1. Rank these residues by their accessible area, most exposed first, probe 1.4 Å: 27, 208.
2. Mind pulling up the Rg/Rh value for the chain? Radius of gyration and Kirkwood radius, both on Cα.
3. When all protein chains stay in place, what accessible area (Å², nearest 10, 1.4 Å probe) is found for residue 216?
4. Sort 277, 213, 104 from largest to smallest accessible area, using a 1.4 Å probe on the heavy atoms of the protein chains.
5. On the full set of protein chains, 1.4 Å probe, figure out the accessible area of residue 271 and give it in Å² to the nearest 10.
6. What are the aspartates and glutamates whose alpha-carbon lies under 13 Å from the alpha-carbon of residue 353, with same-chain residues fewer than 8 places away excluded?
7. Kindly point out which whole DSSP H helices in the chain project their C-alpha atoms 20 angstrom or further along the helix axis while averaging a Kyte-Doolittle hydropathy of -0.5 or above.
8. How large is the helix-only mean residue ellipticity at 222 nm for the chain, computed as the sum of -39500 (n - 2.57) over DSSP H runs with n ≥ 4, divided by its residue count, in deg cm²/dmol to the nearest 500?
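The values are calculated or read from the model by the stated rules, or taken from the named source; none is laboratory data. Computed from a predicted structure; not experimentally measured. Because the Cβ atoms are built from the backbone with ideal geometry, glycine has one as well, and the counts that use them run over all protein chains shown. Surface areas here come from the heavy atoms of the whole protein model, side chains and all, with no ligands, DNA or RNA. Shrake-Rupley method; radii C 1.70, N 1.55, O 1.52, S 1.80 Å.
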Amino acid sequence: MKQFGITLAAFLTVKRFLLVLFLSRLLMLVLLYGITGGQELSNDTHMHMTMLRSPWCILIYQYPGWEQNPPFLPFLEALFGYPAQLFFSDFISLRFVMICYEVIVGLLFYRLLTELHIKQERLGFCLLGFLILPMGWMVSVVMAQDETIASAAFLLPLLLFLSGRPRSALLFCGLGVVSAKIFIILEYCTLLAFCPKDKRVSGAVIGLLPIAIVYSGISLHRLLHGYPLPLTDFHPDPYFGTNFWIVLETYGGLSLLKYGPYSGLLAGLASLIPAFIIFVKAERDWDKTHVVVAVTASLTLFLSLFYHVNPEYFIMVFPPMLAITRNFVDVIYDFLVSFLPWAGKLFQVAQFKIGLEENKGRVVAVEVYSKLFPVSPEYLLVSTQLLFSIITLALAFRWCLRLFEPPMKRL
């Protein structure tokens, strides 16, 4: 096994890795198109294709129902998507966009492994895990979700910080919040805790500047036109999620529409635990691995405790999670985190059968379920949600404990 990892790492140079990644995803796209007949699987394709054809739409409040998207996300999607949609269907165009961004994630992931000086035998297996585990290709190829972009926006500040550019890292955290995913604010908080004291205040201001400028401008526009302030009009009432909150609603009668947003306070406080540990220890002998562990633990804690979390969100923690894998137990966690939420998604489609008329590709998913599981999906769905909650919380706790370990020479 050790020799296989070394051989694999020697073969998968950065150019070969990215080429294999790109070609494998294109092949998957061709297969998916053949299986579904080009019939849509995702609820969000129409929204994203409309946004990339009108990139200013979030900034000018053109589609109030899409308020949850960062204001500059449509511009990032349009970069690859607008030319693609001139020649291909929406089904192919949006997936091509996310494949392109997954290749960018792959490049950043490779750089992260290099920055951490991962040993050759582990390097090969990390790259193989990125290629074959379902978290990557399910988000980009199958479901065409913009969290692929968020994953790239999460990795870039991390790499900048590890390379000794903390202010640039915090600046790109702020840019990530307004262009990729609001959850990147958690990375900002954790990286800020690692900053030297003489750079902490300036770094904090630099990181918040893009957020303040963009949302101040949007807020002024909204007030002048009588629109609600940004994000205040977004109150989701999810019927599916990866964790225990949906179980509490289904079987405990908890109204997530009413009480779900309060979970944000719980999740937000929990996500600060890694930063709190850093402040309490007050040491400056952190190594690069500690930084990766801390930001990954912070976001995982939030996703474990927030009420509105979908499987695709975990692609943000997937690459750094692979990078800090060091033993067989970690490998098991990698597999479960990559696989379980998508199993739950399959059970959810089979249980509720919502959107089959609008997204006829989902009929294929229901047929797959009926062939694989000749039982009711209800209890499989609940079991998956509860098990995944336990796994992610245990994993985040495991990472927090690693922050107390002395610096490692090399992974």
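1. The most accessible residue leads, giving 27, 208.
2. Reported Rg/Rh, Kirkwood definition of Rh: 0.95.
3. Residue 216 has an accessible surface of roughly 70 Å² with all protein chains in place.
4. So, going from the largest accessible area down, we get 213, 104, 277.
5. Per-residue accessible area (residue 271): approximately 0 Å².
6. Straight-line reach from residue 353, under 13 Å: 367, 378.
7. 14-36, 90-115, 147-162, 197-225, 288-305, 328-352, 377-402
8. -22500 deg cm²/dmol
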